[in-house]
1. Determine the relative contact order of the chain: mean sequence separation of Cα pairs under 8 Å and six or more apart, normalised by residue count, in whole percent.
2. Kirkwood Rh over alpha-carbon pairs of the range 1-74, then Stokes-Einstein at 37 °C and 0.692 mPa s: what D in µm² s⁻¹, rounded to an integer?
3. If I fit a long axis through the Cα atoms of helix 238-258 and take the longest principal axis of the Cα atoms of the chain, what angle between them do I get, 0 to 90°, rounded to 10?
4. By how many nm would the segment from A210 to V21 lengthen if fully extended, with 0.36 nm per residue of separation less the alpha-carbon distance?
5. What is the spin-label model distance, in nm, from D250 to R47 if the labels are put 7 Å beyond Cα along the C-beta direction?
6. Which whole-number value in Å³ per residue fits the convex hull of the alpha carbons of the chain?
7. Skip the ligands, DNA and RNA, and give the accessible area per residue of the chain with a 1.4 Å probe, whole Å².
8. May I ask for the equivalent-ellipsoid semi-axes of the range 219-260, computed as the square root of five times each C-alpha gyration tensor eigenvalue and listed largest first in whole Å?
Amino acid sequence: MRIDVVTLFPEMVGHAARFGVTGRALQRGLWRLGVWNPRDFVTDRHRTIDDRPYGGGPGMVMLAEPLASAVAAARSAQRSEGCTAPRTLYLSPAGTPLSHRRVAELAAGGDATGLVLLAGRYEGIDQRLFECCVDEEVAIGDFVVSGGELPALMLIDAVLRLRPGVLNDAESALQDSFVAGLLDCPHYTRPEEYEGKRVPEVLLSGHHEAIRAWRLQQALGRTLERRPDLLRDRALSKEEQELLAAYRRDIVRVLDIAGG
Ligand code: 9D3
């Protein structure tokens, strides 16, 4: 996979991508990163990249021409490496929020898969760029950040984690839990007692079946409490229904005791 990012802060993207899972994958040659600064595509003395919006109002708008040139250069670099029809995604607060499903779609495909990510700054980009240069507008959530670079890095990280060979076996196994549509269960490590709080007995029991059931029950209970929307989208097996029912009975008991 090859990913190219068009950004006014290429060092920010290049530097961050070299850490952790994405950095290790880069070293192993599992993906290639290109960064393109639209400022390198302007010729005027002041290297102007933005201007005031027509119609007035606060903030600045990124000029169409340098962005279009940078996107074209990125796409041509992708094609010269054999990437066919690379998709261009514009990271924007007005985009469709990213989901696991969409990330998985973007991660699908062979080694020739190419993505061009356009990270905006200021109020956004000239609307006329959309027809020529943007296939899709993507947001990362219902909150505002100051530019598209961090969202682009999040997208890159999420996509690469689903590419073959990027995660090791243990990491891949752990990942299955979110793919299965539930929140993770709580985790504990040494010591057995910390600040007067003990590790749940079942985890010390060595009883693998009981541990599996407890973890599944905790995942179900947490998902019900924190993200009931995820449970509505997911069919529960007979075992899962029983574990969740027992979890709810336990909660009611705890509340009864607390309430006297
Ligand atoms: C007052 C209008 N603002 C839109 C909510 C202007 C504006 C704020 C922040 C325009 C662009 C930005 C920069 N944000 C991104 O580039 C961005 C983003 C985000 O802010 N939230 C969620 N996902 C994304 S993806 C790119």
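1. Values: 346 pairs, mean separation 47.7, N = 260.
Normalised by residue count, the contact order of the chain is 18 percent.
2. Working: Rh = 14.0 Å.
D, rounded to a whole number, is 235 µm²/s.
3. Approximately 70 degrees, to the nearest ten.
4. On the way: separation 189, 0.36 × 189 = 68.04 nm, distance 3.24 nm.
Between A210 and V21, full extension yields 64.8 nm more.
5. Inter-label distance under the simple model: 5.9 nm.
6. Working: hull volume 53.8 nm³, N = 260.
Cα-based convex hull of the chain, divided per residue, equals 207 Å³.
7. Values: 15450 Å² over 260 residues.
Per-residue value: 59 Å².
8. Numbers: eigenvalues 99, 30, 6 Å².
Rounded to whole Å, the semi-axes are 22, 12, 6.
The values are calculated or read from the model by the stated rules, or taken from the named source; none is laboratory data. The structure displayed is predicted, hence computed values, not measured ones. For neighbour counting, all protein chains shown are included, and Cβ atoms are generated from backbone atoms with ideal geometry for every residue, glycine included. Accessible surface areas use protein heavy atoms only, side chains included; no ligands, DNA or RNA. Shrake-Rupley method; radii C 1.70, N 1.55, O 1.52, S 1.80 Å.
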